[in-house]
Structure formats: C-alpha cells, structure tokens
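Notes for the one structure printed next.
Where a number appears in this text, it was derived from the coordinates with a stated rule and is not lab data. All values derive from a computational prediction rather than experimental measurement. Cβ placement follows ideal geometry from the backbone for every residue including glycine, while neighbour counts extend to all protein chains displayed.
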Amino acid sequence: MKRVVAVAIFSVFVVAIGAPSFAQTEDTSPGSGLGGYIAQSSAEAFSIQPYLPALISTGDVPVEGTIALSTSNAASGGNSFARGAALWLGSAAGDPGPLIGEGAGQPAIGALFPKWPVQAQATQNDGEVTTGQAPLFSMVADGYPDHSSGDTRIADVNVPGLVHIEHSASTSTSVVKTTEVDNDARVVLHGISLLNGHITIDQLLSYSKTTSNGTTSTQSGNLAISGLAIGGTGVIVTDKGFQVTGQSPTPGQSPQQAVNAVLAAFHARLTLYNAAGSAVGGTADRVGGALVLSIDNPIGGVGPIPPGRFDIILGSTSSTAQASPPFTLGAPAGDTSVGAVALPSGESPSSVSLGAGPSPSSGTESSVGALSGPSGALPGAQALQSSDYHFKGIPIGLVLVLLIVAAVAARYVRRFVVRLIGGTQ
C-alpha cells in the first residue's frame with residue numbers, strides 16, 4: 001500500500017511540473033527566418049561541491065556531484081543536443097572516450113570506452129531516448145533539428161546527514177521556430193530535508209526563460225521557496241532576505257535566537273541568490289536563482305581527512321537565447337553585433353545570507369550567481385564545438401589500465417545509483 005501511495009504521489013508530481021515538450025510537431029523549416037541562432041538551457045536539482053584547500057590551494061572543486069541534471073541546446077544548421085542525467089560527475093567522467101582516444105592518438109581506442117550509464121542523451125538525429133527505472137527515476141533526452149529537451153525525475157534522494165529530497169524534477173527545453181528561438185529551464189523539489197532534518201523546506205521552484213527573434217529578446221524567471229523551517233522555527237523567504245516568523249520551540253529563546261543557534265551548531269550559512277537577467281537586442285540571458293547551504297566539513301582535520309567545507313546548491317537554472325535577423329544583400333558593413341545592438345555584459349544577481357557559517361565559494365558564485373552570456377558553455381554544449389588542441393600522447397600502458405577501470409566502473413555504477421535513489425523500496 002505504501003508503494004502504491006508513493007507512486008500516486010509521484011504521478012501527481014509529474015503533472016505538477018508540466019508534461020515534457022517531447023511530443024511537439026517537428027518544424028520543417030526551423031530558423032529559416034533567422035540569420036543565425038543558438039539556444040541553451042540548463043536545470044539541476046541539486047549539486048554538492050566540496051572545497052578542500054589542503055588538497056587544492058586554488059580553491060577549485062576536486063569533484064562535483066550533480067543530481068537530476070537536464071540540459072538542452074539548439075544551434076544554427078539544425079544541430080541540437082540534450083541530456084537527462086540522474087547523477088552527473090562532469091563531462092570528463094560522462095564521456096572519457098574521445099579525450100583518451102585523442103591523447104593516445106588512437107580514436108578507435110576511445111570508442112571502446114563506455115559513456116556514463118546513468119544518463120540519456122540525444123542529438124538532432126536521435127529523436128527520443130529514454131532510460132531509468134520508473135517510478136524511482138527516469139531520464140529522457142529528446143533531439144531533433146528544431147528542438148531538444150532534457151527531463152530527469154527522481155522519486156527519492158538521500159545523502160546521509162546532508163540532504164534528503166522526496167521528489168526531484170528538472171526539465172530543460174530549447175525550441176527553434178521559423179522566426180524565433182525559445183528556452184525554458186525548470187526545477188521543482190518537494191520535501192527537502194537538510195542536516196538530518198534541522199532545516200526543512202516544503203517546496204522549491206526555480207525557472208528561467210529566454211526568447212529571441214533576432215531583433216528583440218525577452219527573459220524571465222524566479223526562485224520560490226515555501227515552508228522553510230530551521231530548528232522547527234518558520235522562516236519566510238523573499239527577494240529581500242529571510243524573515244523569521246515562527247515560534248521558538250525553546251522556552252525563553254526568541255525565534256531569531258533559535259534559528260541562529262541551529263545554524264551556529266553546524267557552522268552553516270544559507271545564501272539565497274536572487275534571479276537576474278539581461279535582454280539587449282537579439283541576446284537574452286537568465287539565471288533563475290538558487291539556494292545554497294554552506295557548511296564546514298564536520299569531520300575535517302580528523303586523522304587523514306583534510307579540513308574544508310561543502311556547498312550544497314539547490315534549484316539552479318539558467319538559459320541563453322541569441323539570434324540574428326535574416327541576412328540581406330546590401331546591408332551596411334562595419335557592425336558585427338547581434339541584432340545591430342551591442343551584446344550585454346555580465347551581470348551578477350544579488351544575494352542574501354542567514355547564519356555565520358562559511359560564505360559560498362567563488363566557484364559556486366560563478367555557477368549560480370552570474371549570467372553565462374552568449375559565449376558561456378552550458379553542460380552538453382561541447383557536443384557542438386570543436387577544438388584545434390592536440391595532446392602529445394600518453395603511454396599505451398596507461399590506456400590499457402584506463403580501459404580496465406572503465407569496464408569495471410560501468411558494471412557497478414548503475415548498482416550504486418539504484419542504491420542511492422532506491423530509498424522508497
């Protein structure tokens with residue numbers, strides 16, 4: 001009975017975020033009324049980024065784990081790419097074959113390396129690609145010359161001691177019409193629990209939307225959080241910050257003191273990045289905002305474990321639409337801007353924090369707190385790009401070792417993800 005109820009709730013949740021746009025009719029002349037175009041969008045349910053200065057003094061992230069990542073990309077010439085990944089560790093881990101094949105000077109060897117198994121990806125020639133084990137998790141990628149879509153849904157996610165989310169969904173869509181390109185990226189999270197339930201959120205919604213017809217463009221999006229409670233005390237989240245409104249569960253302690261005491265006990269900080277965007281001429285950018293929990297590593301400095309901190313990013317979305325008007329003979333020369341209007345410069349949205357824990361790292365701010373711009377590469381965009389860089393080569397012995405490691409990893413990684421997500425069984 002419990003499983004039936006869980007499936008029913010998840011079905012309602014699927015309807016709530018909106019049906020994927022995979023079933024739309026294919027446009028037979030996408031972008032024919034535009035000179036050129038590129039549309040990109042990205043949506044990730046949450047991401048964990050560890051920062052270990054003792055290992056990497058520059059502050060870079062040694063490894064990153066993203067849950068429920070969906071991306072879409074459409075570009076001139078009918079090119080498109082889409083991805084839906086329940087667990088994503090980065091492009092190098094997602095498809096190491098081309099990198100290794102290029103380094104070894106043997107592209108055929110690179111083709112032997114399996115792609116990351118916990119994903120669905122599609123290009124303009126693939127149509128709809130679906131994988132996963134519904135209703136626990138499903139991943140769909142949709143690739144056609146006129147549109148691409150990524151969709152990822154997970155029924156239960158649990159990272160012990162840090163994050164538990166009952167239902168997660170991310171959807172990213174890029175559509176090319178005859179005279180317009182449209183982007184839409186959305187994340188919906190239900191039943192969020194952080195730090196073993198000391199911070200709870202009923203629902204988090206983030207979305208980013210951009211359009212362009214080559215001459216003008218639009219952008220919109222927002223981040224909405226409802227039912228936030230810290231240590232049992234209610235907190236209202238607005239664009240201006242956090243407002244403590246609930247009753248303190250501890251006698252003789254004000255609500256604000258109760259909230260601060262919980263955050264201080266974990267040396268944690270909540271940071272809200274507000275949505276922001278820019279639309280100038282035929283180029284539009286939008287970030288939908290995000291909620292970031294920054295916390296010191298609770299076991300850092302114990303034995304061989306280096307000190308450091310974690311950034312947990314919830315509900316990050318972004319989209320970029322860029323198009324130019326149709327080419328005409330006799331057009332005045334000398335202006336190379338899109339839509340005869342200068343491209344917008346980068347813009348950083350405002351942020352507000354609660355708690356005295358560590359501030360979000362510069363890497364987190366650059367990923368969720370700044371516009372990507374028309375030249376920013378979203379995950380998956382590398383499939384449409386080429387490079388003139390060539391490796392000098394690596395020893396064939398190393399290539400053989402990596403082949404063995406990849407084969408073993410591909411066998412066990414799916415079991416690991418099923419255990420990670422299979423809390424409802």
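Things worth noting here:
- Built amide H within the under 5 Å cut-off of K177, gap 5+: G31, D182
- Put in line by how crowded their Cβ is, counting other Cβ atoms within 10 Å and starting with the fewest, V187, V352, V259 read V352, V259, V187.
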